[in-house]
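K.L.:
One structure, as structure tokens, below. Some questions next.
What follows is calculated from the coordinates using simple rules that are stated; it is not laboratory data. Note that the structure is a prediction, hence the values are computed from the model and not measured. All Cβ positions, glycine included, derive from the backbone under ideal geometry; neighbour counts span all protein chains shown.
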Amino acid sequence: MLVANIGFFGVLICCFALRPPEVLITIVRHTRSITAMDPIIYNAVALGNLEALEHDISDPLDWFLTVNQNTILHICISSILVEEKYPATGGTDQALAAKFVKDVLDKCPSLLLKANAEDDTPLHLAARYGHASIVKVLIEHKKSQHQDLESGVVEAMKEMIGKLNKERDTALHEAVRYNHIEVVKQLLMGVDQEFSFGANAVGETPLYLVAESYFPDLVSEILNKLKSPAYVGPLGRTALHAAVIRYYDKVMTKNILQRYGRELCKQADQNGWTPLHMAAYMGSIEPTKLLLEFDRRGSIYERR
């Protein structure tokens, strides 16, 4: 009677609803068939075992999605073990995962830019977790698709590395937020020097994030690799506002001043505070000295 009332697909959906939530699976509808990711397949993916995966399936690799629209690449990348933190958790290591990702992309290139429910691509996840070897595989695969024309490679890399998730974060936002310097280096080398990396949904640019978090090496890396990276932050602040609140900082403040000059010294936030106001209020002696030295004529004293 139940099958008669709700039909076969209703019963099928109810069966999937009884499985554990994250392993469990959304049904992927296709014009000719319906497929879903079985827990056995999920485990094979999490372990980076492509041979076992292919043994159990006959459907295209891009058909398999979790309830959060994660593809097999998302699952594998997010299952890489951090030994000191998850010593007893099942998963794979970076070397096996990198091979899995490469082999999967060779068979199914469309997965490279496929995003999940949060619009995170595999590159977003690899950058967030600091998996430099995975980032390298993803970048190399994208370049290999456009080997004939140099301009094609530039645009392709811009498309992949500049792709935004729902928070309007690029992969670079993700990498700098967690101080993954090797990933940052790869991402910056992958784009044209003119690429600026704009603000996310809350107004943070990568340069602002690294200044606010006091990652001076990343500030230097961004300024050295990009000609004119965007520097804005929330509430009308800039990367210079973020740098000067560190009372002991010399490096970040000096590097930002040398790149952007006197105009950035004079730029006020939504409360009318210039970087000098911020530095003085926070008691940041070294940044205050640098600001005053940089503009001896005193035009930054005036509060807007």
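K.L.:
Going Cα to Cα from Lys225, which aspartates and glutamates come in below 17 Å? Please leave out same-chain ones fewer than 8 positions away.
P.N.:
Here the aspartates and glutamates satisfying the reach criterion relative to Lys225 are Glu182, Asp192, Glu194, Asp217.
K.L.:
Apply the a/c threshold of 1.5 to the C-alpha gyration tensor of the range 233-304 and tell me whether it is rounded, prolate or oblate.
P.N.:
rounded
K.L.:
Rounded to the nearest 20 debye, what is the charge dipole size of the range 118-167 about its Cα centre when +1 sits on each Lys and Arg Cβ and -1 on each Asp and Glu Cβ?
P.N.:
With only Lys, Arg, Asp and Glu charged at Cβ, the dipole is about 160 debye.
K.L.:
Now a separate question. Under 16 Å from a point 7 Å along the Cα-to-Cβ line of Glu51: which residues of the range 100-122 have their amide N that close?
P.N.:
Once the point is set 7 Å along Cα→Cβ of Glu51, 100-101, 103-104 turn out to lie under 16 Å by backbone N, inside the range 100-122.
K.L.:
Quote the charge dipole size of the range 148-229 about the Cα centre in Debye, to the nearest 20; the model charges only the Cβ of Lys and Arg (+1) and of Asp and Glu (-1).
P.N.:
For this selection, approximately 180 debye.
K.L.:
How large is ³J(HN,Hα) for each residue in the range 276-289, as worked out from phi by the Karplus curve 6.51 cos²θ - 1.76 cosθ + 1.60 (θ = phi - 60°), to whole Hz, x for Gly and Pro?
P.N.:
5, 4, 5, 4, 5, 5, 7, x, 7, 5, 5, x, 4, 4
K.L.:
Name the long-range amide H neighbours of Thr92: under 5 Å, sequence gap of 5 or more, or other chain; modelled H, no Pro or chain starts.
P.N.:
Excluding prolines and chain starts, which carry no amide H, the hits are Ile80, Leu81.
K.L.:
Which order do the peptides 65-71, 47-53 come out in when sorted by mean C-beta neighbours inside 10 angstrom, highest first?
P.N.:
65-71, 47-53
K.L.:
Can you give me the distance in nm between label points at Ser58 and Ser144, each placed 7 Å from the Cα along the Cα-to-Cβ direction?
P.N.:
That separation, rounded to one decimal, is 2.8 nm.
K.L.:
Please tell me which of these pairs span more than 28 angstrom C-alpha to C-alpha: Lys114/Lys136; Lys143/Lys254; Lys136/Lys250?
P.N.:
Lys143/Lys254; Lys136/Lys250, as the Cα separations exceed 28 Å there.
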